[in-house]
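Worksheet: the structure to be examined is printed underneath.
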Amino acid sequence: MNPTKQMNAVQEPASARPGKQRRPLQTTVIGSYPFPGWLEFASAHLDQFGEADIEELRTDAVIVAVHDQLAAGLDVITDGEQGRYDFNLSFYGRLEGLNPTPLSPRRFGPPAHDQRGKYEITGTLRSGHGLGAVAEFKLLQKIAAPGPVLKASVPGPYTLSGRISPGGIYKDRWDVTDALIPIVRKELEQLVEAGCREITLDEPSMSCYAHREDPRRFVKIFAETVKPIIGQCRLSTHLCFGNYKGRAVGLRRYAPLFPAFFELPVDEMHLEMASREFAEIEIIRDIAERGIDVAVGIIDVKSYYIETSGEVAERVRLCLKFAPAEKLSFAPDCGLSQTARWAARQKLANMVSGVLIVRRELGLA
């Protein structure tokens, strides 16, 4: 398929596109939120719980995540990915054709991505019962609606492929990715059918490897995955460089992604900026000029320094030098799952109050 044609397909009036409307200087999140301590403990001892107990644990955890996000005053919230066990681990348990026990090349020493085990392929990759994101969203609807905008965040096929060792009929990571595209695509379609109007296809691995792979190939993969839902929801993607135990894994530069990534068929791009001291901030101007909204990461989730409301306001003003208010949203750099809950709560609260300062200055409050 031609990614440029795909991009042209999304250039239609905002009024014709479900979920497109948004407030200027919107506050949002990526997806994940810290587990409550009791869920962290329970997740390591699930064999001691029954199915009803586990369902209650998950429901209560989503209630906690929703509460904290609403208390902070966010415009857009998620379920905190409380049932996923670290961003995407639950998805592999729903895939057929994999050994259910991942192999870890290294278990001790300083934390790094090589401590996250890889799954061995045992047959054809498929998912007869979906990836679970639809059930998660329905639970979020039950708990949080009506109220703020509800967003679902789903890992993309290239990112999911990173935890699977090629084998059998899949000779390399690209083959694994191709096999995952229809599985993820179906999940996205079913999310839209369930009433989800804000979806992030989360592909951090694309940002991590764009400096050594053809970024146009990533654009094609992305466009192929989201093709059926274009125009059916507000679609975004998250461009970051990894956050395992607060550590990045990729070359932390956006330059290798562009200009190819300007062709991504999205309404909004989220960029990690706070942990990079706003390096390459000028890229948000180029993105906005192409009609794409920008969600700027203005809270550093890898640091336990708590940004003040005043500091957040200064960062918002910096962004306004490069893009207009109607094209900007603000969020933490990445998901908050690797940040302690006490810090995540305060960071979100200060982010919202800092953005509100600037909203008032511009007469937008």
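Given LEU95, LEU140, LEU150, which one is farther than 20 Å from LEU57 by Cβ, touching a Leu at 6+ places or on another chain (Cβ under 7 Å) and modelled with pLDDT of 95 or more?
Values: LEU95 fails: modelled with pLDDT of 95 or more; LEU140 fails: farther than 20 Å from LEU57 by Cβ.
Of LEU95, LEU140, LEU150, the one residue that is farther than 20 Å from LEU57 by Cβ, touching a Leu at 6+ places or on another chain (Cβ under 7 Å) and modelled with pLDDT of 95 or more is LEU150.
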Scan segment 136-164 for residues that are assigned to a helix (DSSP H, G or I), more than 15 Å from the chain's Cα centre (by Cα) and not small (Gly, Ala, Ser) and jot them down. LYS138, LEU139, LEU140, GLN141, LYS142, ILE143
When both residues are 6+ apart or on different chains and their Cβ atoms are under 7 Å apart, which pairs have a first residue that lies in segment 58-69 and is within 16 Å of ALA133 (Cα to Cα), and a second that is assigned to a helix (DSSP H, G or I)? THR59/LEU139; ALA61/LEU39; VAL62/LEU139; VAL62/LEU140; VAL62/ILE143
Please state which one of ALA210, ALA223, ALA260, ALA288 is in contact with a Lys or Arg (Cβ under 6 Å, 6 or more places away or on another chain), surrounded by 15 or more Cβ atoms within 10 Å (Cβ to Cβ) and closer than 27 Å to VAL176 by Cα. ALA260
Checked pairs for segment 245-261, first in contact (Cβ under 8 Å) with a residue 12 or more places away in the chain, second β-branched (Val, Ile, Thr), C-beta under 6 Å and 6 or more apart or across chains, list as TYR254/ILE283; ALA260/VAL219
Testing PHE241 on (1) buried (at least 20 other Cβ atoms within 10 Å of the Cβ); (2) closer than 19 Å to GLU189 by Cα, one condition comes back false. Which one is that? (2)
Quick one: count up the residues across segment 107-120 that are more than 15 Å from PRO157 (Cβ to Cβ) and in contact with a strand residue (DSSP E or B) (Cβ under 7 Å, 6 or more places away or on another chain). 7
Residues of segment 32-61 being loosely packed, with under 11 Cβ neighbours inside 10 Å, hydrophobic (A, V, I, L, M, F, W, C) and over 25 Å from the mean Cα position of the chain (by Cα), which ones? ALA52
Selected residue [of a type in the set (Asp, Glu), in contact (Cβ under 8 Å) with a residue 40 or more places away in the chain and under 24 Å from LEU74 (Cβ atoms)] from GLU189, GLU198: GLU198
Counted residues in segment 98-131 being among the small types (Gly, Ala, Ser), without any contact (Cβ under 8 Å) to a residue 40 or more places away in the chain and closer than 16 Å to VAL184 by Cβ come to 1
Only one residue in LEU125, LEU131 is over 17 Å from the mean Cα position of the chain (by Cα), surrounded by 19 or more Cβ atoms within 10 Å (Cβ to Cβ) and not in a helix (DSSP H, G or I), so which one is that? LEU125
For residues that are under 22 Å from CYS240 (Cα atoms) and either buried (at least 22 other Cβ atoms within 10 Å of the Cβ) or not basic (Lys, Arg) (or both), tally how many sit in segment 179-207. 14
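Anything in segment 83-116 that is of a type in the set (Gly, Ala, Ser), crowded, with 17+ Cβ neighbours inside 10 Å and under 23 Å from GLY246 (Cβ atoms)? List them, or say none.
Passing the criteria: only GLY83.
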Cβ contacts < 9 Å: first residue without any contact (Cβ under 8 Å) to a residue 40 or more places away in the chain, restricted to segment 44-57; second residue β-branched (Val, Ile, Thr), any location; separation 6+ or different chain. Result? LEU46/ILE54
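The values are calculated or read from the model by the stated rules, or taken from the named source; none is laboratory data. Quick caveat, the model's predicted, so the values are computed rather than measured. Note that each Cβ is placed from the backbone with ideal geometry, even for glycine, and that neighbours are counted across all protein chains shown.
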